[in-house]
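One structure is given below, encoded as structure tokens.
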Amino acid sequence: MTLTGAAKVAGVIGWPIVHSISPTLHGYWLRENKVDGALVPLAVARENFARVVRALQLSGFRGANVTLPHKEAAFALADQSDAAAKTARAANLLIFHDSHIEARNTDMVGLRESIRERLGDLKGRNVVLLGAGGAARGAILALDELGAANVHILNRHPEKAASLVRELGPLVACALEADDLRDWNKAAGTAHLVINATSAGMKGHSPLAVDLGALCSTASVFDIVYNPLETHLLKDAKTRGHVIIDGLGMLMHQAVPSFEAFFGVRPKVTDGLRAFLEKSLHA
Ligand code: NDP
């Protein structure tokens, strides 16, 4: 890759950042669209986040993607935010303008488009959502936009699920319920779709402890974890014949608005991109 002095440069900020697949993903689109630009991985500790963001803005960066543990800090420091970032109180995209910083949350777009691509809309459907962290917050908005009738949130610390219901209930049309993850067997039977939005199953974390035997055979199982791509949960769901959705679709779709904001071209999510990323994840 050769950059000229006129290159469009953006960053992806996290701690750690070494496992991020975003530079690879954006690199594919940069080559495909022949853009003179780069997405630079930046390992930034929590205490340095705000200073680094200001410095990048002053250095002519177009913006930055933001990953763990900075998504809440990114939302807090922005001057202007979209509705998804306000609801999630977290942002994964910062766009630098001359006089201000704009925050967006595109994880919600990624989840919505990834479900739409595989299952269409969710009108009248019951969803069991596992987890009550940042990703689950965005997921509730996405599921509401897709027309879900009921979203049953189960979390290891059930009070966090209950507080999500109190906070987001008035903002969405779908019915929200909250329970303990231990109530899985009761909740699972009526689910059309189960989404793992916890970090369980991620590389280095223990797998999610739920018994898929409680699910109806026609239910679909979506795991938003993408490293590994085929989690223990998805392997089990596949063996039992459920439709499965992995986290790569969400990852690719959440990156579309970022790439467009940084580099001025709306990129395409294609089978070629998926194959390329699958290869990188297995390397
Ligand atoms: P948070 O740290 O905000 O939330 C973590 C959630 O996981 C909490 O609900 C927590 O429960 C739960 N949890 C953690 N460990 C366990 C366990 N062993 N058993 C049951 N529940 C557990 O993380 P995020 O919401 O930001 O991210 C969650 C996952 O989503 C990550 O794996 C991340 O990589 C993935 N992700 C994927 C994206 C994609 O594009 N595919 C985009 C964004 C995120 P409790 O509250 O009880 O502690």
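The values are calculated or read from the model by the stated rules, or taken from the named source; none is laboratory data. Because the structure is a prediction, the values reported are computed rather than measured. When we count neighbours, we look across all protein chains shown, and the Cβ atoms used for this are built from the backbone with ideal geometry, even at glycine. To get the accessible areas, we keep the full protein, side chains included, count just its heavy atoms, and leave off ligands, DNA and RNA. Shrake-Rupley method; radii C 1.70, N 1.55, O 1.52, S 1.80 Å.
Return the residues of the stretch 206-245 that are in contact with a Lys or Arg (Cβ under 9 Å, 6 or more places away or on another chain) and in contact (Cβ under 8 Å) with a residue 60 or more places away in the chain; say none if nothing qualifies. Step through it out loud before you land on a result.
Step one: list which residues in the stretch 206-245 are in contact with a Lys or Arg (Cβ under 9 Å, 6 or more places away or on another chain), which gives 212-215, 217, 220-222, 225, 227-228, 230, 243-245.
Matches in the stretch 206-245: Ser220, Phe222, Asn227, Val243, Ile245.
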Right, Val165: outside any strand (DSSP E or B), out of contact with any strand residue (DSSP E or B) (no Cβ under 6 Å at 6 or more places or on another chain) and among the aliphatic types (A, V, I, L, M) or not?
no
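Given the options Val12, Val53, name the one that is open to solvent by less than 10 Å² (accessible area, probe 1.4 Å), in a helix (DSSP H, G or I) and β-branched (Val, Ile, Thr).
Numbers: Val12 fails: in a helix (DSSP H, G or I).
From the options Val12, Val53, the qualifying one is Val53.
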Take the stretch 15-50 and flag every residue that is free of Cβ contacts under 8 Å to residues at least 40 places away in the same chain and part of a loop (DSSP other than H, G, I, E, B).
Pro16, Val18, Lys34, Asp36, Val44, Ala45
Tell me the residue from Gly189, Gly147, Gly134 that is at positive phi and open to solvent by 10 Å² or more (accessible area, probe 1.4 Å), please.
Gly147
Any hit, the stretch 36-49, residues being touching a Leu at 6+ places or on another chain (Cβ under 7 Å) and within 14 Å of the ligand (Cβ to nearest atom)
no
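Suppose we keep only residues that are more than 16 Å from the ligand (Cβ to nearest atom) and of a type in the set (Val, Ile, Thr) within the stretch 238-252. Which one would you say is least open to solvent (accessible area, probe 1.4 Å)?
Of the residues in the stretch 238-252, the ones more than 16 Å from the ligand (Cβ to nearest atom) are 238-243.
From what is left, the residues that are of a type in the set (Val, Ile, Thr) are 239, 243.
Working: Thr239: 120, Val243: 65 Å².
This residue is Val243.
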For Ala135, are the conditions met, namely being within 12 Å of the chain's Cα centre (by Cα), closer than 23 Å to Ser20 by Cβ and in a helix (DSSP H, G or I)?
yes
Quick count over the stretch 66-98, residues being open to solvent by 30 Å² or more (accessible area, probe 1.4 Å), of a type outside the set (A, V, I, L, M, F, W, C) and more than 13 Å from the ligand (Cβ to nearest atom), is 6
